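Colleague: One structure coming up, written as structure tokens, with questions to follow.
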Amino acid sequence: MRKRPLNTATLASALFVTFAWAEEPTTYTAEQITQMTAEAEAGDAEQQFQLAECYDYGNGVPNDDARAVMWYRRAAEQGNPMAQCNLGVMYDEGEGVPEDNEEAVKWYRMAAEQGDIDAQFNLALMYDHGEGTPEDNRAAMLWYREAAEKGDSNAQLNLGIMFDLGEGVEEDDSQAVQWYLKAAEQGEYKAQYNLGLMYDFGEGVEIDDIQAATWYRMAAEQGDPDAQNNLGCMYLNGEGIPQDIILAYAWTALATVGNNENAVSNLKHIQSRMNEQQLEQAKELALKIQARITASKIEAEPATGK
């Protein structure tokens, strides 16, 4: 059987975001670090921020979270929004300073109010989970929307969930579909899975097994066990895709590796309908699919900030 309702753990699993490098970060030489330090000490906020990141990531200097905090703070106090956001993360994660969610919220808010998309997402999460501030679904929704409208896929996903569940906003499946689609098109696998559910069960859209199978497959190819289980069910029943018991077994087997509870019973049911030759083919196929997924993840690993 397919997994329903929506996997609400998506909210909790969204990662805190700091400044993400648009390209591979420059590796600084000792001479460049010396020049950067001189300019930072002279009060240049941009150089203070850059120097903080160098200490944060051990780029050209040994990693030193305390020094990173010092330089983030100097830049943040001059109004640099990226420094404010990253200083918030340092407090959030207890790096270079004692963990302090209230301080994290303070710095996230300063950056968010300047339009920093990462800070807006992080602040939304703090409201969503009641960390450093009272839980407030309405405030979380508003900050998710700010980041979502600027194209942040994590915010689009979480905003979709809030519309889906009616948290902080009136339940609206069509709006949920809209935001899931925006995130799914950016490759957000949980949004792809959730969008598959919406088509599967006709929530916010007409039931469409072909679309459901398409989105489940996209998420399944990224390793999502819930999507793998549901895709296996669709192959077993020939819903939206040609019936294929070997593919049904392969995808469901992968879902069991990901600890999908429904997949365990589903796999036993599928296996009971197979002969030995089919079972051997299915097991080999599952290994090939897993290898493909693993290789794809390694190839797609981004260079980011924290």
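The values are calculated or read from the model by the stated rules, or taken from the named source; none is laboratory data. Model, not experiment: these values are computed from the prediction. Here the Cβ is made from the backbone with ideal geometry for all residues, glycine too, and neighbour counts use every protein chain on show. For the accessible areas, the whole protein counts, side chains as well, though only heavy atoms, and no ligand, DNA or RNA atoms are used. Shrake-Rupley method; radii C 1.70, N 1.55, O 1.52, S 1.80 Å.
Colleague: I'd like the FRET efficiency for Val257 and Asn137, computed as 1/(1 + (r/R0)^6) with the beta carbon distance as r and R0 of 51 Å, rounded to 0.05.
Modeller: Once the sixth-power term is evaluated, E becomes 0.90.
Colleague: How big is the Rg/Rh ratio for region 208-298, C-alpha atoms only, Rh by Kirkwood, two decimals?
Modeller: 0.95
Colleague: Using a Förster distance of 30 angstrom, determine the FRET efficiency expected from the C-beta separation of Ala66 and His129, and round it to 0.05.
Modeller: Step by step, r from the Cβ atoms, then E = 0.65.
Colleague: Given H placed on each backbone N at 1.01 Å, which residues far from Gly60 in sequence or on other chains put an amide H within less than 5 Å of it?
Modeller: Hits under the 5 Å cutoff: Tyr28.
Colleague: Continuing with the same structure: Short version: ³J(HN,Hα) in whole Hz for each residue of region 53-63, in order, from phi by Karplus 6.51 cos²θ - 1.76 cosθ + 1.60 (θ = phi - 60°), x for Gly and Pro, what are they?
Modeller: Computed from phi, the couplings for region 53-63 are 5, 4, 5, 5, 10, x, 9, x, 9, x, 4 Hz.
Colleague: Compute the length gained on full extension between Ala38 and Lys283: take 0.36 nm times their separation in residues and subtract their Cα-Cα distance, giving the result in nm to one decimal.
Modeller: This chain segment gains 82.1 nm when fully extended.
Colleague: Can you list the HN-Hα couplings for region 90-103, worked out from phi with the Karplus curve (6.51, -1.76, 1.60; θ = phi - 60°), rounded to whole Hz and with x for Gly and Pro?
Modeller: Per-residue couplings from phi come out as 4, 5, 4, 9, x, 10, x, 8, x, 4, 8, 5, 5, 5 Hz.
Colleague: If you don't mind, another one. Which of Asn137, Asn158, Asn194 moves most in a GNM of the chain, Cα contacts under 10 Å?
Modeller: In this elastic network of the chain, the residue with the biggest mean-square fluctuation among Asn137, Asn158, Asn194 is Asn137.
Colleague: Using +1 at the Cβ of each Lys and Arg and -1 at the Cβ of each Asp and Glu in the chain, identify which of Gln175, Gly79, Gln278 lies farthest towards the dipole's positive end.
Modeller: The residue sitting most towards the positive pole is Gln278.
Colleague: Calculate the dipole size of the chain relative to its Cα centre from +1 charges on Lys and Arg beta carbons and -1 charges on Asp and Glu beta carbons; express the result in debye to the nearest 20.
Modeller: Roughly 1080 debye for the chain.
Colleague: Rounded to the nearest 0.05, what FRET efficiency do Glu95 and Asn59 have when you use their Cβ-Cβ distance and R0 = 22 Å?
Modeller: Plugging the Cβ-Cβ distance into 1/(1 + (r/R0)^6) gives 0.90.
Colleague: Now, a different point. Calculate, in nm to one decimal, what Lys297 and Lys106 gain on full extension: separation in residues at 0.36 nm each, minus their alpha carbon distance.
Modeller: Contour length minus the Cα-Cα distance gives 65.3 nm.
Colleague: Where is the GNM fluctuation largest for the chain (alpha-carbon springs, 10 angstrom cutoff): Leu287, Leu181, Leu267?
Modeller: Highest fluctuation of the listed residues: Leu287.
Colleague: Would you look at the GNM of the chain, springs on alpha carbons closer than 10 Å, and say which of Ala112, Ala263, Ala291 moves the most?
Modeller: In the Gaussian network model the winner is Ala291.
Colleague: Pairs of alpha-carbon atoms within less than 8 angstrom and 6+ residues apart define the contacts here; what relative contact order does the chain have, in percent?
Modeller: 12
Colleague: Here's another thing I want to ask about it. Which of the following values of Rg and Dmax of the Cα atoms in Å was calculated from the structure shown: (1) 18.7, 61; (2) 25.1, 118; (3) 22.8, 76?
Modeller: (3)
Colleague: Moving to a separate point now. Please report the carbon-and-sulfur percent of the accessible area for the chain; probe 1.4 Å, protein heavy atoms only, DNA, RNA and ligands left out.
Modeller: Here it works out to 48 percent.
Colleague: OK, next. Return the Cα extents of region 245-297 along principal axes one, two and three, sorted largest first, each rounded to a whole Å.
Modeller: Sorted from largest, the Cα extents of region 245-297 read 33, 25, 11 Å.
Colleague: Would you mind calculating the gained length between Glu31 and Glu206 on full extension (0.36 nm times residue separation, minus the Cα-Cα distance), in nm to one decimal?
Modeller: 56.8 nm
Colleague: If you don't mind, another one. Ignoring ligands and nucleic acids, what accessible area does Ser265 show with a 1.4 Å probe (Å², nearest 10)?
Modeller: 70
Colleague: Using the scaling law 2.2 N^0.38 Å as the reference, what is the normalised Cα Rg of region 70-147?
Modeller: That ratio works out to 0.99.
Colleague: For the Cα atoms of the chain, what angle does the longest principal axis make with the long axis of helix 117-129, in degrees from 0 to 90, nearest 10?
Modeller: Computed tilt is about 70 degrees.
Colleague: OK, next. For the chain, what does the helix formula give at 222 nm: sum of -39500 (n - 2.57) over DSSP H segments with n ≥ 4, over the residue count, nearest 500 deg cm²/dmol?
Modeller: One gets -21000 deg cm²/dmol as the mean residue ellipticity at 222 nm.
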